[in-house]
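Peer 1: Starting off with a structure, shown below.
The values are calculated or read from the model by the stated rules, or taken from the named source; none is laboratory data. These figures come from a predicted structure and were not determined experimentally. Cβ placement follows ideal geometry from the backbone for every residue including glycine, while neighbour counts extend to all protein chains displayed.
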Amino acid sequence: MDVFVIQGGHRLSGRIRVEGAKNATLPLMAASLLTDETIDLRNVAGLRDIVNMTKLLGELGVQSGLGDDRVSLKTIDPTANHARYEIVSTMRASICVLGPMLARRGKAIISMPGGCAFGARPVDLHLRGLEALGAKIELKGGDIHATCDRLRGATIFLGGPFGSTVLGTANVMSAATLARGRTTIECAACEPEVVDLAEMLNAMGAKIRGAGSPRIIIDGVDQLGPVVHQIMPDRIVAGTYAIAAAITNGEVILDDFPYDSLLAAIDRLSLIGVHVEKIEPDPDDRRCSVRVTSDRTLRPTIITTQPHPGFPTDLQAQFMALLCHAEGNSIITEKIYPERFLHVAELGRMGARIYREGPTTVIQGPSKLVGAPVMASDLRASASLVLAGLAAEGETVVNRVYHIDRGYSRMEETLRGLGARIQRVSDKPAAAVEPRGAGLRAAAAQFMQEGD
């Protein structure tokens, strides 16, 4: 099993490009089930989750072609309809195949999804939305069985106890593109990944308006066509590398930075003393170049995670690592996933003073972080431990970095290019380990070799 070995205390500097968004790519790939035509996706990151999605779609009759930063998808067997547990259990986003497969094929069987283990994330809103469109839903032996003749438009409320559901909105919106009549989704997720999906579906011939707002209206069509689509930059990767620059008091330029999608995080960074400055005029704030620097003395702040456009839960752990270095007490309240604090104990092993009460933590700073062996527990928690290791004194060993490979393409190579002292070390014999290549094709070959 691979680990990261980090020698902390080295200032980052240089220039990197933000990779394509994983959380946008997976629903976009699932949308290939809506058509028999070719879906050509560009700016695709070489990630384990994306490789797993190609395997899942392959079992559902979709042929894939992988390039260095692209994937093409085309249905060759529309009769397949069973998404098995062995693949679905590896990532929660597998549930995104349910709506497209049901809408196009009239039948879908999918195992209950897996993913990161930081509390319950039920799929009941997905199922209620599809039932409102006319699907019959049953749970048998851990599998969701969904059937329909043809879905029909309806008005659907997708709000839950912790806000709207991003994957649920993607699922229902995708299914509604082929439904008869008009569908209105109320309390829809406003995340930019939903907008990216809507833009691609519209380019395929769908009729969707309102994406990015709490109300999305879809007028169903009979069929969808081919498309070539450029995937949005990954806002969580962008935020993570901005924090990497700040936590090491470095200076890093980030290209393809999704500024417009990170306004809440940029606001908090500014209050802390981290400067994210646009360096090139660009009318499209969804992709621009920024320079990230920080004050020598960081200030504490208060953060509450919220649905977009509020502060993203997927950056909570990374900000916690940064706030360990602020002069004073900071407070973070997790409103999306109240149990998402598996990184707290591991940061504590490095000397962080963090006190938790329910969904709220108090970070007492500044803390002198010292390198230690730590255990990654989920994707974003893993990233926070890497960030802490970059700033800690001495050596940090981050175990279970396969979590990181689910959301960051070759993170160690990217950070090393900026001056970090970080190495991936494997317990496999040296002859069995190959360097990771530059893109998706190489990532697929590497992950296939490593196994699941």
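Residues checked against (1) more than 19 Å from residue 198 (Cα to Cα); (2) outside the structural domain of residue 225 (by TED's automatic domain parsing); (3) in contact with a Leu (Cβ under 7 Å, 6 or more places away or on another chain); (4) of a type in the set (A, V, I, L, M, F, W, C):
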site	(1), (2), (3), (4)
43	no, no, no, no
47	yes, no, no, yes
51	yes, no, no, yes
80	yes, no, yes, yes
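Peer 1: Within region 249-258, does at least one residue satisfy the condition of being aromatic (Phe, Trp, Tyr) and part of a strand (DSSP E or B)?
Peer 2: yes
Peer 1: Can you list the strands (runs of 3 or more DSSP E) found entirely within region 1-62 that contain at least 2 residues being within 27 Å of residue 369 (Cβ to Cβ) and at pLDDT 95 or above?
Peer 2: 3-7, 13-17
Peer 1: Can I ask one more? When region 81-97 is examined, which residues are found to be more than 12 Å from residue 144 (Cβ to Cβ) and surrounded by 22 or more Cβ atoms within 10 Å (Cβ to Cβ)?
Peer 2: The answer is 91, 93, 96.
For (1) β-branched (Val, Ile, Thr); (2) in the same structural domain as residue 195 (by TED's automatic domain parsing); (3) surrounded by fewer than 21 Cβ atoms within 10 Å (Cβ to Cβ), each residue gets a yes or a no:
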{"site": "240", "(1), (2), (3)": "yes, no, no"}
{"site": "245", "(1), (2), (3)": "no, no, no"}
{"site": "255", "(1), (2), (3)": "no, no, yes"}
{"site": "258", "(1), (2), (3)": "no, no, no"}
{"site": "263", "(1), (2), (3)": "no, no, yes"}
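Peer 1: Give me the strands (runs of 3 or more DSSP E) completely within region 79-192, filtered to those with at least 2 residues that are farther than 21 Å from residue 55 by Cα, ordered by residue number.
Peer 2: 136-140, 143-147, 155-157, 182-186
Peer 1: What pairs can you find where one residue is in region 271-296 and on the phi > 0 side of the Ramachandran plot, the other is of a type outside the set (Ser, Thr, Tyr), and their Cβ atoms are less than 9 Å apart, with a gap of 6+ or different chains?
Peer 2: From region 271-296, the pairs are 273/246; 273/295; 273/296; 273/298; 273/299; 273/326.
Peer 1: Within region 283-291, does at least one residue satisfy the condition of being over 26 Å from residue 167 (Cα atoms) and not in a strand (DSSP E or B)?
Peer 2: Yes, region 283-291 contains at least one residue that is over 26 Å from residue 167 (Cα atoms) and not in a strand (DSSP E or B).
Peer 1: Now a separate question. It is to be established whether one or more residues within region 208-217 are at pLDDT below 95 and buried (at least 16 other Cβ atoms within 10 Å of the Cβ).
Peer 2: For region 208-217, residues at pLDDT below 95 and buried (at least 16 other Cβ atoms within 10 Å of the Cβ): absent.
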